Every structure is written in structure tokens, then in C-alpha cells.
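Participant: Following this message is one structure expressed as C-alpha cells.
The values are calculated or read from the model by the stated rules, or taken from the named source; none is laboratory data. Worth saying up front: this structure is predicted, and the values here are computed from it rather than measured. Don't worry about glycine lacking a Cβ; one is built from the backbone with ideal geometry, like all the others, and counts go over all protein chains shown. All accessible areas refer to the heavy atoms of the entire protein, side chains included, with ligands and DNA or RNA removed. Shrake-Rupley method; radii C 1.70, N 1.55, O 1.52, S 1.80 Å.
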Amino acid sequence: DHIPREVVVHDIDEADKVCDCCQGEMHIMGKDVTEKFVFVPATTKVEEHHRLKYACRHCQENETKTPIKQAPPVASILPKSYATPSILAQLITAKYQHGLPLYRQEVIFSQLGIK
């Protein structure tokens, strides 16, 4: 009961909702429910952080010093790395809590298309 559910309704065509005997409109008298368990593997995404650069057109046109302003870089848990806290938590949990060696984790990530 605690697992999220997605309801998929399978219905007949509108033309089939007419009685073959009397041509009257048929009504819903019940339904059969079948539950299927679906496993969705881990999902991944890449965050692109775009840092816009700003310059002064007036200074640029007058060929004086052109000041450039830009937002500071996003803080990283491992400098100059693609790693985020979520992927590090996954790696550490799999290795130390579940005893999954790094080479096996590498295989799992390659199956997801990640090198």
C-alpha cells in the first residue's frame, strides 16, 4: 500500500458500448483489477550550470579597460570533479552498506550508459 500507484484504464470503443440485442446504451457494471509490479532502475541526469558573463559596451567601444562580471562558480564537494553529493552518497552506500565492490558498481553504471 505504501508504493505509489499508476492507474491504467483499458476501455472498449464507444461503438462497442451499444447493446447488440436492443441497441441500448450499456453501463459499467464493474471492473477487474490486476496489479503489476514495475521496477524502474536508478535514473541519472546531468546538471548544466551556465554562468553568464557581463561586459560594459561603453568601455568596450572606447577601448578602455573592459570590466567583466560573472556569478561565482558553483561550490563542488570535490573540486574540479563532476561528482555531486548524491552520486558520492550512492557510491559510499553501495560499497560500505551493501558490500558492493567498486568494479561491480562500474559495471552497473556502464549498463546505464555511464562511463
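Participant: Specify the residue that is surrounded by the fewest Cβ atoms within 10 Å (Cβ to Cβ); the eligible residues are those in region 81-115 that are closer than 23 Å to E48 by Cα and aromatic (F, W, Y).
Facilitator: Step by step, filter region 81-115, then rank; the result is Y82.
Participant: Could you tell me whether T34 is assigned to a loop (DSSP other than H, G, I, E, B) and surrounded by 10 or more Cβ atoms within 10 Å (Cβ to Cβ)?
Facilitator: no
Participant: Among the residues of region 37-64, what is the count of those that are among the basic types (K, R) and either in contact with a Phe, Trp or Tyr (Cβ under 8 Å, 6 or more places away or on another chain) or open to solvent by less than 100 Å² (accessible area, probe 1.4 Å) (or both)?
Facilitator: Counting residues in region 37-64 that are among the basic types (K, R) and either in contact with a Phe, Trp or Tyr (Cβ under 8 Å, 6 or more places away or on another chain) or open to solvent by less than 100 Å² (accessible area, probe 1.4 Å) (or both) gives 1.
Participant: Still on this model: Looking at this structure, is R51 charged (D, E, K, R) and in contact (Cβ under 8 Å) with a residue 12 or more places away in the chain?
Facilitator: Here the answer is yes, as R51 does meet what is asked.
Participant: Sort out which residues of region 65-77 are open to solvent by 80 Å² or more (accessible area, probe 1.4 Å) and either part of a loop (DSSP other than H, G, I, E, B) or touching a Ser or Thr at 6+ places or on another chain (Cβ under 9 Å) (or both), and write them in order of number.
Facilitator: Correct list: K65, P72, P73, V74, A75, I77.
Participant: If you don't mind, another one. Being within 19 Å of V40 (Cβ to Cβ) and either touching a helix residue (DSSP H, G or I) at 6+ places or on another chain (Cβ under 7 Å) or open to solvent by less than 100 Å² (accessible area, probe 1.4 Å) (or both) is the filter here; which residues of region 1-28 pass it?
Facilitator: If the condition is that a residue be within 19 Å of V40 (Cβ to Cβ) and either touching a helix residue (DSSP H, G or I) at 6+ places or on another chain (Cβ under 7 Å) or open to solvent by less than 100 Å² (accessible area, probe 1.4 Å) (or both), then I3, V8 are the ones that fit.
Participant: Please determine, by comparing only the residues of region 32-86 that are acidic (D, E) and out of contact with any Lys or Arg (no Cβ under 9 Å at 6 or more places or on another chain), which one is farthest from P4 (Cα to Cα).
Facilitator: Here the answer is E63.
Participant: For region 1-60, how many residues are of a type in the set (S, T, Y) and over 30 Å from F109 (Cα atoms)?
Facilitator: Final tally of qualifying residues: 2.
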